[in-house]
Amino acid sequence: MISSAIRYQLSRVVGRLAPLFPDVPYLHLFYYLHMGKRLDLSNPKTFSEKLQWLKIHYRQDKLTMLVDKLAVKPFVARLIGEDMVCPVLAVWDRVEDIDLSKLPDRFVLKTTHSGGNTGVVVCKSKRDFDFDEAKKKLEEAMRTNVYTRYREWPYKNIPKKIFAEKNLGDNLVDYKFYCFNGEADCVLVCTGRQQGDVKYFFLDRDWNFLPYNEDSIKAQDQFHLKKPDELEQLFSLAEKMSKGFPFVRMDFFIAEGKVFFSEYTFFPASGLDAKKTEEFERKAGGKIDLSLVKP
């Protein structure tokens, strides 16, 4: 049995060699290196296995627009209302084109195509903003390809751009709803992201803790966030926006006293999160109906 430390180092090497591998053998290898177990694509049962299966078989053009952080905004505005979409301040094709003089004192810079939090830079004040460091992060993000490294097909053909949007405030909490064909099953609450002390907590519709993540189980006593008044609204929006998808995580913020859409996420942690508990893997996997995917 290869240790997790060695598997991690090997995954970094394999990731750099990703363009050399066809999708299926690459996913088998990458899954083992991240999860420490074999991937069953012929009869997937767990949440992580089914996400790998979806990477291969679920390839609709619409998905590319939905994960494009800029192109999705007009679609969401029509679906749930423009007031729930964070305003765009400017758009550029290259990092060197960014003009801070055209932006307010506070803003957020994002790339259209990056996964996770890799292509995001938050400016709380121009006076304290390290623009050189921001450009380095954005330039690295512009070089990344989520499809090549993780085989998340929706990201393959996104036009790479940088855009600035309104800064919705400090100490934002992420509300991430795990949705299965229009059913929002639970919410993952993410705190401390902007402070560099990120913690994740799974909760049910009644705001009860769910033991779905090993780190959150350890930090359970540190969770004191009050149930938001907007929780039912968020569940309702997540269900409306997720209809027709075998699985999608619908992400939102609450800021300025109202709800804001964040993003569609079809492959959380690329389905390679070894800290999800067996209970989560079994229950969530059982809710993904792969028959919804048309061959």
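Would the stretch 1-95 count as rounded, prolate or oblate if I go by the C-alpha gyration tensor, calling it rounded below 1.5 in a/c and otherwise prolate when a/b exceeds b/c, oblate otherwise?
Note, shape of the stretch 1-95 comes out prolate.
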Over the stretch 77-227, with neighbouring protein chains present, the accessible area per residue in Å² at probe 1.4 Å is 51 Å²
In the structure displayed, which of Lys227/Lys275; Lys166/Lys287; Lys156/Lys218; Lys69/Lys294; Lys124/Lys258; Lys226/Lys275 lie more than 32 Å apart, Cα to Cα? Lys166/Lys287; Lys156/Lys218
Using a 1.4 angstrom probe on the protein heavy atoms only, line up Asp185, Asp105 by accessible area, largest first. Asp105, Asp185
Please work out the C-alpha center-to-center distance from the stretch 128-184 to the stretch 43-102 and express it in whole Å. 8 Å
Which sequence of Lys110, Lys218, Lys160 reflects their accessible areas, 1.4 Å probe, from the largest down? Lys218, Lys160, Lys110
Give the accessible area for Asp132 in Å² (nearest 10); use a 1.4 Å probe, count only protein heavy atoms, and leave out ligands, DNA and RNA. 100 Å²
Suppose only helical runs count, i.e. DSSP H with n ≥ 4. What mean residue ellipticity at 222 nm does that imply for the chain under -39500 (n - 2.57) per run, divided by all residues and rounded to the nearest 500 deg cm²/dmol? -9500 deg cm²/dmol
Rank these residues by their accessible area, most exposed first, probe 1.4 Å: Val13, Val72. Val13, Val72
Ignoring ligands and nucleic acids, what accessible area does Asp229 show with a 1.4 Å probe (Å², nearest 10)? 140 Å²
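Tally up the carbon and sulfur contribution to the accessible surface of the stretch 146-270 as a whole percent, 1.4 Å probe, everything protein left in place. Mind showing how you got there, number by number?
On the way: 2310 of 5130 Å².
The nonpolar share, carbon plus sulfur, comes to 45 percent.
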Global form of the stretch 109-191, assessed from the alpha-carbon gyration tensor, a/c cut-off 1.5: oblate
Taking only Cα atoms and a 10 Å spring cutoff, compute GNM fluctuations for the chain and point out the largest among Ser270, Ser262, Ser42. Ser42
Provide the solvent-accessible area of His57, counting protein heavy atoms only and rolling a 1.4 Å probe, rounded to the nearest 10 Å². 90 Å²
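The values are calculated or read from the model by the stated rules, or taken from the named source; none is laboratory data. Since the model is a prediction, treat every value here as computed from it, not as a measurement. All accessible areas refer to the heavy atoms of the entire protein, side chains included, with ligands and DNA or RNA removed. Shrake-Rupley method; radii C 1.70, N 1.55, O 1.52, S 1.80 Å.
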